[in-house]
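Working notes for the structure below.
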Amino acid sequence: MNAEIVRNTPTRAEIMPIEQAKKSGAVMLFGEKYGDEVRVLDIGSSREFCGGTHVARTGDIGFFKIVEQSGIAAGVRRVEATTGEGALAWVQGREKAIAELAGVFGFQSVDFEQLRKRAVSLQDENKNLQKELARLRLKLLSGPGQDIASQAVDVKGAKVLAATLEDADPKTLRETVDRLKDRLKSAAIVLGAVNDGKVSLVAGVTDDLTAKLKAGDLVNYVAQQVGGKGGGRADMAQAGGTNPGALAGALQSVRSWVEQRV
């Protein structure tokens, strides 16, 4: 677009019969209705049916900048752009924002490579902190007085465990279920937690029991009792809910659900 603008070629509009316009290669807009005669516009390298008002030369546009793109349908994108003084103001605004960001990082001037490296460094640091937080949560949950594996009950030779982990996020629930499956060997497990008034649930079933018990069915059964739904694989599944007050009762029902299926 900007190359077309720099060439500063004159535009040309001509009224002609629609069939002649089609043969000339003019682009029609899908969904538009046209009469027997149409206005054909030549602007830069484009020739199209158009009834609007346009610049006399491409250079009159001044500057063209795409500011947003989005998908609005399969194979269709919406592109928004600005031109002229508006495009210049947009670019200057972005330059100001980048300069302010450089100041936040303590840089005296804008150095894009420095900014890129700093952003990558912060991203890596955040990932490492998240891993460390998850590790500490698991350590806390498996520490003295927190051994929830001891709460498992025997149901026809299989261990059944349904418990609440305070303040655990879904990732911690999944990791804890995996650890418990390794420890209990043959088990059906459901762990729940409440965060910001929302219920998180994770169910796990060891491989030897998946022929009779599906983790997706189990977690969905519990989730329905707490105002939610969920699903997943036969050995691991996740769900959510909106009624924390019903969580304790829902977890207590897990044992009878398992007893009916093993």
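The values are calculated or read from the model by the stated rules, or taken from the named source; none is laboratory data. A quick note: this is a predicted structure, and the numbers were derived from the prediction, not measured. Virtual Cβ from ideal backbone geometry, glycine too; neighbours counted across all protein chains shown. In case anyone asks, the SASA skips ligands and DNA or RNA and just uses the protein heavy atoms, side chains included. Shrake-Rupley method; radii C 1.70, N 1.55, O 1.52, S 1.80 Å.
At 1.4 Å probe size, with the rest of the protein present, what percent of the exposed accessible area of the chain is carbon and sulfur atoms?
51
A cut-off of 5 Å between modelled amide H atoms, ignoring neighbours fewer than 5 places along the same chain, links residue 27 with 47, 48, 49.
Would you compute, from DSSP H runs of 4+ residues alone, the mean residue ellipticity of the chain at 222 nm, taking -39500 (n - 2.57) per run and dividing by the full residue count, rounded to the nearest 500? Working shown, then result.
Details: 8 runs with 101 residues, N = 262.
Computed mean residue ellipticity for the chain: -12000 deg cm²/dmol.
Positive end of the dipole of the chain (Cβ unit charges, origin at the Cα centre): among 21, 46, 192, the Cα lying farthest that way belongs to 192.
Sorted into 5 angstrom bins from 0, the C-alpha pair distances of the chain split as 1, 5, 9, 10, 9, 8, 6, 5, 6, 7, 7, 7, 7, 6, 4, 3, 1, 0 percent.
Which value, in Å², gives the accessible area per residue of segment 147-240 when a 1.4 Å probe is used on the protein heavy atoms?
Numbers: 4260 Å² over 94 residues.
Each residue of segment 147-240 exposes 45 Å² on average to a 1.4 Å probe.
For the pairs 171/214; 181/214; 22/65, flag any whose C-alpha to C-alpha distance is greater than 22 Å. Correct reply: 22/65.
Comparing 237, 129, 55 along the charge dipole axis of the chain, the residue lying farthest to the positive side is 237, per the Cβ-charge model. Cut-off 10 angstrom, C-alpha nodes, Gaussian network model of the chain. Which of 103, 25, 232 fluctuates the most? Of 103, 25, 232, the most mobile in the Gaussian network model is 25. Within the assembled protein chains, the solvent-accessible surface assigned to residue 179 is about 120 Å², based on a 1.4 Å probe.
Is segment 14-155 best put as rounded, prolate or oblate by its Cα gyration tensor, with a ≥ b ≥ c the root eigenvalues, rounded for a/c under 1.5, and otherwise prolate when a/b is larger than b/c, oblate when not?
oblate
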